[in-house]
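Here the structure comes first, spelled out in structure tokens, and everything after it is commentary.
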Amino acid sequence: MRDVVATIRLAPGEVGFYDEYTRIHLTYAKPEAFVFAGMNVTQIRNSVRSGRLLLKSGTLGAGAKPVPVATPEPEVIPVVEEVVVIPEPIVVPEPIVEEIIEETPIAEEVIEEIQAEEEVAAEPAEETTAPEIVEKPGKRKKKQAEDPQA
């Protein structure tokens, strides 16, 4: 394993950093990295001076001695069991439908109605005459014949 010389971190407000010499890539999701002995730290030093990076531990000098670094423990994410509650279906009572029973006429009444209709149809219909149209005198004006001598 290589010797760790320093630990660097993104400064607050920064979202990312990449150093071509050391190939260290810092992002919002991974904001810390180790700097190992023998790396070209020129750009990292400039970024620490400008405030883009923070030197968390160690040194970036020429004769830097390795810094003992405790390996970070992996984060333990508690497993939360989700309890899914299935709601009971809503029971809607069925509407009460009352059956309407129409009384059917008795057969005798039906026969009497049919006979009455036949009697009405058998009677001779009275002949009706159209009323005479009478014109009222004086309503129409006769055209006066033009006098050829005039």
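Read-outs throughout are calculated quantities, based only on the coordinates presented, and are distinct from any laboratory measurement. It should be emphasised that the depicted structure is a prediction, and the values quoted were computed from it without experimental measurement. Note: ideal-geometry Cβ built from the backbone for every residue, glycine included; neighbour counts use all protein chains shown.
Only residues that are under 43 Å from the mean Cα position of the chain (by Cα) and either surrounded by fewer than 11 Cβ atoms within 10 Å (Cβ to Cβ) or not in a loop (DSSP other than H, G, I, E, B) (or both): list them for the range 11-23, please.
Within the range 11-23, Pro12, Gly13, Val15, Gly16, Phe17, Tyr18 meet the criteria.
Considering only residues that are more than 48 Å from the chain's Cα centre (by Cα), part of a loop (DSSP other than H, G, I, E, B) and within 15 Å of Ser57 (Cβ to Cβ), which ones fall in the range 24-45?
Ala37, Val41, listed by residue number.
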